[in-house]
Structures are given as C-alpha cells and as structure tokens.
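Colleague: Below is the structure I would like to discuss, written out as structure tokens.
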Amino acid sequence: MRKVIAFLPVLCFAFFSGCAIFEPQNTAQALDMSQPKAYILSEIRGVEPKESAIEVPTISKIWLRLKDTANTVKSGSLLILKNQQGKQVACRVEFCRGAVCIVPEKSLEPSTTYFVTIGHLTYDDGFELRGVKTWSFTTAAKDS
C-alpha cells in the first residue's frame, strides 16, 4: 500500500500533463544505444533534376543533395531509377559528402518520364536518413 501512495504523485503528474509513464526493464532498454540515430527526410536540401523537370538532357546524372555536408553517405538500401513503363534502368550509384549520385550506364531515352526513388541512407558515422524520397523528370526530345 505504501508503494501505491508513494507513486501517486507521479501518476497524477503524468495524467494531468499528458505524459506517458515508461518503466524500462533495464538501462539498455531505456537508452536503446544499439539503434543508430535517425535523420528525417526534411534533411534533404534538393534534387537534380528538379521534381517534375522537363527537357532534361539524356546524359544527366541524378543527384540527391543533403543538408549534412560534413559526412559521407556510405550506403542506401533503396536506390531505383525506372522509366515510364516501369522498367528499371541500369545505373551506378556514387556516394559522397552530403549527396548521392545515380549515374545511368547509358544515355536515357529522349521524351521519356523517369521516376527516381532513394531511401534508407546511412552515413559513414552511423547516422541514418530513414524514409523515402521519390520524384520524376522528363528527358528532352531528340535533336532534329
């Protein structure tokens, strides 16, 4: 009974302040240091080509630029370039300071809409950018 009375002020504070009470089983669970820190997609500075861009050259590189330019992105588990028919385009991925670059293995088709999906990036220091960024662009027509 004494434990319930001693715990009552904490329960009242939690109820009136809208806080949830969490009692971890051990310190590791409370701190959860085993999980890497996470960035959110608001950390994206920009993409190239721009979203919904038209008349993009067929020999373009595709960039995702991040606000964090101090660290190098070392990996990504979701890096896809598809054409408007849904066919994946063969490409090489380059990771660098504050950016990811997708380089198509050959020129893109003219007058074609492409869809880019990049997500689940990890920096060399263990920080993660969780979430997915998807955008599209359309290449220019052939020169006449």
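Colleague: Can you tell me which of 61-73, 112-124, 85-97 comes out highest on packing, and rank the rest after it, using the mean Cβ neighbours within 10 Å?
Modeller: Answer by packing, highest mean first, reads 112-124, 61-73, 85-97.
Colleague: Then there's this: Under unit Cβ charges (Lys, Arg +1; Asp, Glu -1), what dipole magnitude, rounded to 20 debye, does region 38-139 have relative to its Cα centre?
Modeller: Roughly 80 debye, rounded to the nearest 20.
Colleague: In terms of modelled amide H atoms, which long-range or inter-chain residues lie less than 5 Å from the amide H of residue 99?
Modeller: Under 5 Å from the amide H of residue 99: 66, 73.
Colleague: Could you put 134, 139 in order, starting from the residue whose Cβ has the fewest other Cβ atoms within 10 Å?
Modeller: So the ranking, lowest neighbour count to highest, is 134, 139.
Colleague: Quick one: Debye curve from the C-alpha atoms of region 38-139, no solvent, what's log10 I(q)/I(0) at q = 0.21 Å⁻¹?
Modeller: Here the Debye-derived log intensity ratios amount to -1.03.
All of the numbers you see were taken from the coordinates with simple rules; none came from a lab. These numbers come from a predicted model, not from an experiment. Quick reminder, even Gly has a Cβ in these numbers, built from the backbone with ideal geometry, and neighbours come from all protein chains shown.
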